[in-house]
Amino acid sequence: MQFQQLQYFVAVAETRHFTRAADLVHVSQPSLSQQVKALERELGADLFQRARGNITLTDAGEALLPLARRILADADTARHEVQELAQLRGGRVRLGATPSLCTGLLPDVLRAFHDRYPGIRLLIEEGGSHDLVRELARGALDLALVVLPLPTPSPALTTVELLREDLVVVSSPEEPRPGGGRRAVDIGDLEGERLVMFRHGYDLRELTVAACRSAGFEPTFAVEGGEMDAVLGFVRAGLGIAVVPRMVAARSGRGLRVTPLTRPGLHRTIALAHRSDVAPPRAARELQRMLLER
């Protein structure tokens, strides 16, 4: 089995077309077809069902595809690791984070990292913890900031707790204070309030809805389906209130009233995750150190 054969196999699997796959990897179509057939002979199984105008994966192809993608991602990571210049003058870091952390935690840390290592490219991917865990597992990210507990615990990942953050209620100063105007509210006080709610799959959505149900009521949504910036914008416009991390509320500037939650309140635990079987690249390890020491 050759590395190049796996590249060609993944290209065909993703395009479902031999000619387009050949264009993608910059080889002739006959050469690509020959290498894929050689791979099939090596493995002793057909990887594709070939019909005119219709290329589909066999069961063997479906089994090989995630493994091949992971091998290629690991090789790409190794290439960048080796190519990094001395003193961390070059390279890249692929960091995943939830949108709220991109708004609240990361700006200051990334600025400090960039000031120290200006030659390192920072590639940031926003997503929910579930999506980030999947991207880590397939080798598409070096590090990820995720919310614990993970939606699907994975023994292939190592997580290190980074911080425990309070959640607060934000509302428009032009609207009445939530909870009857008190300076601090509990979750039960949100019953009957109009909530601006994040999209499905967003960690804060699950946490808030679960807390409301634990308090004995179903939350009322005024608007739902947004990302962090959209949710804050809808709250500023007076469409409803939202439960957000304290760091996000603190960085969001004018146009928001912040109301704390009474004890025990709501919290979330943020962790830094990476794959257990592959050490992060050198530049990623340096960013990891700075995040842990922040």
**Request:** Please compute P(r) over all alpha-carbon pairs of segment 50-193, binned at 10 Å starting from zero, and give each bin as a whole-number percent.
**Result:** 9, 25, 27, 19, 12, 7, 1
**Item:** In segment 7-82, the trypsin sites (Lys or Arg not before Pro) that fall in loop regions by DSSP, at most 14 other Cβ within 10 Å
**Value:** R16, R52
**Item:** P(r) weight above 38 Å for the chain, C-alpha pairs, percent
**Value:** 30 percent
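Run the helix sum for the chain: -39,500 (n - 2.57) per DSSP H stretch of 4+ residues, divided by residue count, reported at 222 nm to the nearest 500 deg cm²/dmol.
On the way: 11 runs with 125 residues, N = 294.
The per-residue figure over the chain is -13000 deg cm²/dmol.
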**Prompt:** Under a point spin-label approximation (7 Å from Cα along Cα-to-Cβ), what is the A230-L292 distance to one decimal in nm?
**Reply:** 3.7 nm
**Asked** If amide H atoms are built 1.01 Å from N in the plane of the peptide, which residues on other chains or at least 5 residues away come under 5 Å of the amide H of A242?
**Response** V170, V196
**Request:** Collect residues whose amide H, placed 1.01 Å from N in the peptide plane, falls under 5 Å from the amide H of E224; neighbours closer than 5 in sequence don't count.
**Result:** M197
**Request:** Name the long-range amide H neighbours of R121: under 5 Å, sequence gap of 5 or more, or other chain; modelled H, no Pro or chain starts.
**Result:** G91, R92, V93
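Can you tell me the mean projection area, over all orientations, of the convex hull of segment 76-145's alpha carbons? Units nm², please. Write down the numbers at each step before the final one.
Numbers: hull surface 18.4 nm².
Averaged projected hull area, Cα only: 4.6 nm².
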**Message:** What is the distance in Å between the Cα centroid of segment 64-78 and that of segment 115-156?
**Reply:** 16 Å
**Asked** Which angle between 0 and 90 degrees, to the nearest 10, do you get for helix 59-83 versus the longest principal axis of the chain when only C-alpha atoms count?
**Response** 80 degrees
**Per-residue HN-Hα couplings for segment 275-285 [Karplus 6.51, -1.76, 1.60; θ = phi - 60°; Hz; x = Gly/Pro]** = 5, 7, 8, 9, 5, x, x, 4, 5, 5, 5
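Please calculate how many Å² of accessible area the chain carries per residue, with a 1.4 Å probe and no DNA, RNA or ligand atoms counted.
Numbers: 14660 Å² over 294 residues.
On a per-residue basis, the chain sits at 50 Å².
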**Message:** Could you derive backbone 3J(HN,Hα) for segment 199-211 from the dihedral phi with the Karplus parameters 6.51, -1.76 and 1.60 (θ = phi - 60°), listing whole Hz in sequence and x where the residue is Gly or Pro?
**Reply:** 5, 4, x, 7, 4, 5, 5, 4, 5, 5, 4, 4, 5
**Prompt:** Dividing the Cα convex hull volume of segment 184-265 by residue count, how many Å³ per residue is that?
**Reply:** 88 Å³
**Message:** Ignoring ligands, DNA and RNA, please state the percent of accessible area on the chain from carbon and sulfur, probe 1.4 Å.
**Reply:** 50 percent
**Complete:** Largest-first semi-axes in Å of the equivalent ellipsoid built from the Cα gyration tensor of segment 113-252 are 31, 19, 13
**Residue-by-residue Karplus 3J(HN,Hα) for segment 157-170, coefficients 6.51, -1.76, 1.60, Hz, glycine and proline x** = 10, 10, 10, 10, 5, 9, 6, 10, 10, 6, 9, 10, 9, 10
**Message:** Using the basic label-point model (7 angstrom from Cα toward the beta carbon), what is the A215 to A60 distance in nanometres?
**Reply:** 5.8 nm
**In segment 226-270, trypsin sites (Lys or Arg not before Pro) in a DSSP loop with at most 11 other beta-carbon atoms within 10 Å** = R254
**Coarse-grained scattering of segment 235-294 at q = 0.14 Å⁻¹, given as base-10 log I(q)/I(0) from a Debye sum over alpha-carbon atoms** = -0.66
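The values are calculated or read from the model by the stated rules, or taken from the named source; none is laboratory data. Bear in mind that the values here come from a model prediction, so they are computed numbers and not experimental data. Methodologically, a virtual Cβ is constructed for each residue, glycine included, from the backbone with ideal geometry; neighbour enumeration extends over all protein chains shown. SASA here: full protein model, heavy atoms, side chains in, ligands and nucleic acids out. Shrake-Rupley method; radii C 1.70, N 1.55, O 1.52, S 1.80 Å.
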